[in-house]
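Heads up: the structure comes next, in structure tokens.
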Amino acid sequence: MATSKVEGSSSLRHAFGGVLSVFILLLIGVVAFSIRLFSVIKYESVIHEFDPYFNYRVTQFLSKNGIYDFWNWFDDRTWYPLGRVIGGTVYPGLTLTAGTMWKLANSLNIPLSVETVCVFTAPIFSAFAAWATYLLTKEVKGTGAGITAAAILAMVPSYISRSVAGSYDNEAVAIFALIFTFYLYIKTLNTGSLFYATLNSLAYFYMVCSWGGYTFIINLIPMHVLLCIVTGRYSSRLYIAYAPLVVLGTLLAALVPVVGFNAVMTSEHFGSFLVFIIIHVVALVYYIKGILTPRLFKVATTLVLTVGIAVCAVVVAILVALVASSPTKGWSGRSLSLLDPTYASKYIPIIASVSEHQPPTWPSYFMDINVLAFLVPAGIVACFLPLSDASSFAVLYLVTSVYFSGVMVRLMLVLAPAACIMSGIALSEAFGVLTRSMKFHITKYFECSHTEAPAKLGESTSTESSAPLENMTKSDTTEKPEVARKEKVARRKQKKEKELTENAHVKPVSAKKEKRPLVLPLEASIVSVFLLIVLGGLYVLHCVWAAAEAYSAPSIVLTSHSHDGLHVFDDFREAYAWLRHNTEVDDKVASWWDYGYQTTAMANRTVIVDNNTWNNTHIATVGTAMSSPEKAAWEIFNSLDVKYVLVVFGGLVGYPSDDINKFLWMVRIGGGVFPHIKEADYLKDGQYRVDAQATHTMLNCLMYKLSYYRFVETDGKGFDRVRRYEIGKKHFKLTHFEEVFTTHHWMVRIYKLKPQKNRIRGKSRKSKLGSKSTSSKSGGMTHKNPWN
Amino acid sequence: MAKGTNDAKLLIQSLRKAYAATPTSLKIIDLYVVYAVATALIQVAYMAMVGSFPFNSFLSGVLSCVGTAVLAVCLRIQVNKDNKEFKDLPPERAFADFVLCNLVLHLVIMNFLG
């Protein structure tokens, strides 16, 4: 009867715990959603940055025209005159998810616009990601660790930075897919059920649809399988977890048009095939070991090894020859730059120029994962006691993601879930030990205070078989309750000494008696719990601050606080709206590739290059045009049918990310394809400057002229607030371009190409004939200098 | 050398004897696996002769054979009574999982076949 009562109370406690954890998870989801809403509150519900505008435009197209048209869409309003096959070059996961949510909401008669759905996709999926982290960590360590890890992930600033409301980019759904795929893999590994293996493959399919980072999964899981085999943890559950995933996963990955046959032909996938073969060999070995006697097994191994090594050498030689003979079918440029961080700066300047692809600085680790940076090592230690397949996977995931985050700051996002899992495990283990110590001491205290005499007897009988020294310490501790009533200071000191000796002797006692839990002193536990809670509070404070101040800027609207209040700079949208309302629908706009997506989405005009950067030569053409004198630039733009040129200029208001600051990249990229553009021509003594000491080429290039045309009229001296000096050439006229629009703060300036003159007089006729032939040549993009 | 061949013969004999002791149901699954792998090899040989033009068809054909072989091996692992890890998994559940996974596999194959 007593046992059933105990059972009843424990099952009641379990039920209460279950309800409480569901409630906590719900709250975690609400927190994850709400902490990402700062930009909507501070600015408005608008799409941020550059890439999300492209995704938004694609989602608009999908919602308007349906999935078949989206799948076969050829976009002719970008990369003029080449166009872009959207269906085959975009990762469809994000757009299809948002499109489905929009369709679902509208079919339930909830009238949400496509923009609203796009803006709020990321916060919703971050709540899902927090729940997926709970599931994953529960498989690794237990429910307590799961809830802690979920709470930490809901708020980690690194993840917030890429998933605020309005940041409608691939990572918004991809991180959820990543964690969910890992959870299903670990679940299959723990249970050995083929059902979860199927679900794992489907989740991997969703990940492939969503992000190019899926190669991380298809390389991490084989690495983990190899690790398990090498450390002797092979089991049939491992086979069930891995082999169906490879076959089904490869097929599903090949279904996505972006990946296509790359799923079987690029080096990024070869690792999974290699480990597929290895795991079959290992499975066969274990099977034969099971049915043979040990002596015969030894014979078999020697026989197989002698034959096998010869075959292996041949196969490896063939493979190496294959991969070496076709360098492009090996690793892609992006993957190579991950493995060799200096690769991009040497060979592909476009990849090197993106600020997200630079290595992170040390402070960015503390900014992005804060407290987790030193909880992670504790988590690694906790994973090793005891080591299981799932915890070895968590450690491997963490180590690889730390390496990759060190190469590229953008990949700190992949580190965030690993760090949260580790910290969740560490915190939960710490709390477990501390609360267990507190409970132990408090129950002992109450037991002793209620039943003093028998307790003393019980204590002394339990320590009968220990050494006399221990006896003395034990009897000292039984005197604790009496001493407790007396001075606190004396008690604390005495207890600390006794506890230290008791701890030192606890191990031999536990070896002899029943398993005694490792406990810490009561005051130490209370103070530690309090400090851990304070740590958690500081973490929450930092996350909320980071979300509110650092990561909520939509970057399409800028604000600044000055002595007379808040200034709002809405110049970008002003310029795109002007383009939309004052130009023809078929007019082409040329600008640097940063602004391509925004121009097509908001201004609805055809652009020459955009953020996809798939054609380096086309970008180099635009870069060359920006670096050339007016006439040559006009020729290049005219050959591309360009009507308007757009430049971003921050000199009047001090906006530092303007085109003059990016100009050297234009020169480098242009110079990479057209050798007559030399970077040294634009630098004076190795220094990049636009003041009176600047070189002649710099002061006459199109970018300088379009940025600083009439700039001297603003303050009479032409003081550039970003570069912090007066500009070199102040008074000049434009011969081949005319200014048509400059925004309120001079941040975006739009120029129109002047049409060719009808009548040409005198010597300019000869040069016109010459320039006609050279313009056709420059249209054919030769490498000769067209104006020499 | 004679000892080597003697050992090899002994090895093959004991392998054959041990394999004959496996239950019939497992032998049927093994036969299915052999059939699937043989079909895959035939397809690869055909591709080597004729060329790989509709590459997606070739891939889906070969991967469907390999996939169903792998799934059959998983079924064998789960149904094998000597396997202590899956002692309390009812064989019906194992077979149902096998059917479900095959369904998903063949759905994808049908889509990719072209």
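Cross-link check: pairs A:LYS42/A:LYS103; A:LYS662/A:LYS730; B:LYS9/B:LYS81; A:LYS588/A:LYS729; A:LYS729/A:LYS752 evaluated at a Cα-Cα cut-off of 27 Å; pairs beyond the cut-off: A:LYS42/A:LYS103; B:LYS9/B:LYS81; A:LYS588/A:LYS729. Is the shape of region A:187-230 best called rounded, prolate or oblate, per the rule: a/c under 1.5 gives rounded, else a/b larger than b/c gives prolate, else oblate, with a ≥ b ≥ c the square roots of the Cα gyration tensor eigenvalues? In terms of gyration-tensor shape, oblate. Residues of region B:48-65 that bury at least 50 Å² of accessible area when the other protein chains are present, relative to the chain alone (probe 1.4 Å, heavy atoms, ligands and nucleic acids excluded): B:PHE55, B:LEU63. Can you give the angle from 0 to 90° between the axis of helix B:91-113 and the longest principal axis of chain B, with both taken from C-alpha atoms, to the nearest 10? Value to nearest ten degrees: 40. Helix B:24-50: angle to the longest alpha-carbon principal axis of chain B, degrees 0 to 90, nearest 10? The two axes meet at around 50 degrees. Split the accessible area of region A:31-85 by element, probe 1.4 Å, and carbon with sulfur accounts for 58%.
To put it simply, the accessible area of chain B at a 1.4 Å probe is 71 percent carbon and sulfur. Using 1/(1 + (r/R0)^6) with R0 = 30 angstrom and r between the beta carbons of B:GLN13 and A:TYR286, what's the FRET efficiency to the nearest 0.05? About 0.90, to the nearest 0.05. Restricting region A:656-733 to chymotrypsin sites (Phe, Trp or Tyr not before Pro) that sit in a DSSP loop and have at most 15 other Cβ atoms within 10 Å of their own Cβ leaves A:PHE732.
Using a probe of 1.4 angstrom and keeping all protein chains present, the accessible surface of region A:527-604 works out to 47 square angstrom per residue. Taking the Cα centre of chain B as reference, the dipole from Cβ charges on Lys and Arg (+1) and Asp and Glu (-1) amounts to some 440 debye. Summing +1 for each Lys or Arg and -1 for each Asp or Glu among the other residues whose beta-carbon sits under 13 angstrom from that of A:TYR242 gives +1. Projecting the Cα atoms of A:ILE86, A:PHE50, A:SER10 onto the charge dipole of region A:1-94 (Cβ charges, centred on the Cα centre) puts A:SER10 farthest toward the positive pole. Taking a ≥ b ≥ c as the square roots of the eigenvalues of the Cα gyration tensor, region A:77-165 is classed as prolate, since a/c reaches at least 1.5 and a/b is larger than b/c.
Placing +1 on the Cβ of every Lys and Arg and -1 on the Cβ of every Asp and Glu, with nothing else charged, gives region A:663-755 a dipole about its Cα centre of roughly 80 debye.
Computed from backbone phi with θ = phi - 60° and the Karplus coefficients 6.51, -1.76 and 1.60, the 3J(HN,Hα) list for region A:88-105 is x, 10, 10, 7, x, x, 5, 5, 5, 4, 5, x, 5, 5, 5, 5, 4, 5 Hz; x is used for glycine and proline. Entry comment: accessible area of chain B is 63 Å² per residue, from protein heavy atoms only and a probe of 1.4 Å.
At an R0 of 35 angstrom, the distance between the Cβ atoms of A:VAL22 and A:SER235 translates into a FRET efficiency of 0.60. Extending each Cα 7 Å along its Cβ direction at A:VAL85 and B:THR24, get the distance between those two points in nm, one decimal. It works out to 5.4 nm between the two label points. Based on the alpha-carbon gyration tensor of chain B and its eigenvalue square roots a ≥ b ≥ c, which shape applies: rounded if a/c is under 1.5, prolate if not and a/b is larger than b/c, or oblate? It comes out oblate by the Cα gyration axes. Under 5 Å between amide hydrogens, built in the peptide plane, is the criterion, and for A:GLY83 it picks out A:THR78 among residues at least 5 positions away or on other chains. Sorting the segments A:200-206, B:87-93 by their mean number of nearby beta carbons within 10 angstrom, highest to lowest, gives A:200-206, B:87-93. Interface area, chains A and B: about 3000 Å² of buried accessible surface, summed, with a 1.4 Å probe and ligands, DNA and RNA left out.
Computed from point charges on the beta carbon alone (+1 for Lys and Arg, -1 for Asp and Glu), the dipole magnitude for region A:563-707 about its Cα centre is near 300 Debye.
Computed over protein heavy atoms with a 1.4 Å probe, the carbon and sulfur contribution to the accessible area of region A:522-649 reaches 61%.
Among the listed pairs B:LYS27/B:LYS84; A:LYS643/A:LYS717; A:LYS631/A:LYS678; A:LYS141/A:LYS289, a Cα-Cα separation exceeding 23 Å is found for A:LYS643/A:LYS717; A:LYS141/A:LYS289.
The values are calculated or read from the model by the stated rules, or taken from the named source; none is laboratory data. The model shown is predicted, which means the values in this text are computed figures rather than measured ones. Glycine also receives a Cβ, built like all others from the backbone with ideal geometry; neighbour counts cover every protein chain displayed. These area figures cover heavy atoms from the full protein model, side chains too; ligands, DNA and RNA do not enter into them. Shrake-Rupley method; radii C 1.70, N 1.55, O 1.52, S 1.80 Å.
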